[in-house]
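The structure appears below as structure tokens.
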Amino acid sequence: MTAHLPSTRLSNDFVKLPKYIAVIGGANMDISAQTSVALATADSTAGHIHCFPGGVARNVAENLARLGHITRLVSAVGEDVFGRHLLDATRAAGVDVAAFFVLPSQRTASYLSLHGPDGDMAVAVNDMALLECLTPEVLRNYTGVFDAATCMVVDCNLTPVALEWLMAHASMAAVFADGVSVVKCKRIAPWLGRIHTLKVNRLEAQALSGQTAMSAPEACLAAAYLHQLGVTNVVVSLGEQGVCWCDAQGVTGHRPARRVSVVNTTGAGDALLAGLVHAFVRGMPLSQSVEFAMACAELTLASKFANDPLLSVTAVQKLLSASSLQF
């Protein structure tokens, strides 16, 4: 498999640039279908189909850029129409894409999701095999990018060997991790002690902790258990039940979700993680970080895109102003 590799000069140039956040993981084209009536099995259902840039790491990077951060994304695309569109759209959103790995004659990763009329995802299929190209040998070319970052965000779309290399060889900057899915979140299990903040949903929390996390009290216990396993901060998203967390002191908390008009659930978790990273960089305690992050997710839930193009610190402040919380 041939590819365009970065030069040593590229990595050195990253070190000279101002403080930034490094994000490593999935970038893919999202193909999202939402029905206007209840889903019919073994038959077609009327609805709308949208195609837009996605991928957990890519979405987090775009959200961070919209929140005012210099963000550098390390990911991979094919040299095809989807890949070119992903690069152009991500660059236009303000993300530095110079560290993208471009693979000729390969198809760009894609994610197909089907949503009912309430916006909730009913089923999804991911085609992320391209990310297997992000091997330790390839990541080694970006060592300068990782070492000079203020903090690093990884998603579990990365292979176990790639995660192992990053955890063992990247600098001691704070590492934020997204579980991605029940199957893939287990890839981070050997490295829980290296994670500053772990963002998972209830099913991923259950898979990693071995404990039920369907209710808020259960999710708090699962978060506390993962903290005991070495994670500094654990944040568990519960959808309409809100968010639970366990902070560095082992203190747990829960904030119910505000009532919002849900257009599309895709990308809300990525916005939540971006909000947590932003709040960390700004020095907020975890309880306030969760407030800010949930507002980011709420804005995204109201957008038909995986990334709300209107997301900004000002937009988040406006959403939080009703409760007199200013960040």
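The values are calculated or read from the model by the stated rules, or taken from the named source; none is laboratory data. It should be emphasised that the depicted structure is a prediction, and the values quoted were computed from it without experimental measurement. Cβ atoms come from the backbone with ideal geometry, glycine included; neighbour counts cover every protein chain shown.
What residue, among those in the stretch 229-256 that are surrounded by fewer than 24 Cβ atoms within 10 Å (Cβ to Cβ) and of a type in the set (A, V, I, L, M), is farthest from M284 (Cα to Cα)?
Of everything passing the filter in the stretch 229-256, L229 is farthest from M284 (Cα to Cα).
Could you list, ordered by first residue, the pairs with Cβ atoms under 6 Å in which the first is in the stretch 265-292 and of a type in the set (D, E) and the second is at pLDDT 95 or above and part of a helix (DSSP H, G or I), at least 6 apart or interchain?
What qualifies is D270/V56; D270/N59; D270/V60.
Determine whether V123 is among the aliphatic types (A, V, I, L, M), under 28 Å from A46 (Cα atoms) and modelled with pLDDT under 95. Steps first, please.
Values: among the aliphatic types (A, V, I, L, M): yes; under 28 Å from A46 (Cα atoms): yes; modelled with pLDDT under 95: yes.
Answer is yes for this residue.
Do you know which residues across the stretch 242-258 are farther than 13 Å from Y225 by Cα and more than 20 Å from the chain's Cα centre (by Cα)?
Within the stretch 242-258, G253, H254, R255, P256, R258 qualify.
Taking G269 as meeting all but one of (1) out of contact with any Leu (no Cβ under 7 Å at 6 or more places or on another chain); (2) at pLDDT below 95, write down the number of the exception.
(2)
Of all residues in the stretch 160-180, which are surrounded by fewer than 21 Cβ atoms within 10 Å (Cβ to Cβ) and either under 16 Å from the mean Cα position of the chain (by Cα) or modelled with pLDDT under 95 (or both)?
If the condition is that a residue be surrounded by fewer than 21 Cβ atoms within 10 Å (Cβ to Cβ) and either under 16 Å from the mean Cα position of the chain (by Cα) or modelled with pLDDT under 95 (or both), then M167, A168, H169, S171, M172, A173, A174 are the ones that fit.
Go through the residues of the stretch 256-274 one by one and say whether even a single one is within 28 Å of D118 (Cβ to Cβ), touching an Asp or Glu at 6+ places or on another chain (Cβ under 8 Å) and of a type in the set (K, R).
Yes, the conditions are met somewhere in the stretch 256-274.
Which of the residues that make up the stretch 145-178 are within 28 Å of D80 (Cα to Cα) and among the small types (G, A, S)?
A162
Looking at (1) surrounded by 15 or more Cβ atoms within 10 Å (Cβ to Cβ); (2) modelled with pLDDT under 90; (3) at positive phi, can you tell me which one S32 breaks?
So the condition that S32 fails would be (3).
Only one of (1) at pLDDT 95 or above; (2) out of contact with any His (no Cβ under 9 Å at 6 or more places or on another chain) is not met by V231, so which one is it?
Failed condition: (2).
Out of the stretch 265-291, which residues are outside any helix (DSSP H, G or I) and under 16 Å from the mean Cα position of the chain (by Cα)? Show your work before the answer.
Looking only at the stretch 265-291, we keep the residues that are outside any helix (DSSP H, G or I), and these are 265-267, 282-285.
Result: T265, T266, G267.
Can you pull out the helices (runs of 4 or more DSSP H) entirely within the stretch 134-237 that have at least 3 residues that are of a type outside the set (S, T, Y) and in contact (Cβ under 8 Å) with a residue 60 or more places away in the chain? Explain how you work it out, then say what you get.
On the way: elements: 136-139, 143-147, 160-169, 202-209, 216-228.
Passing ranges, in order: 143-147.
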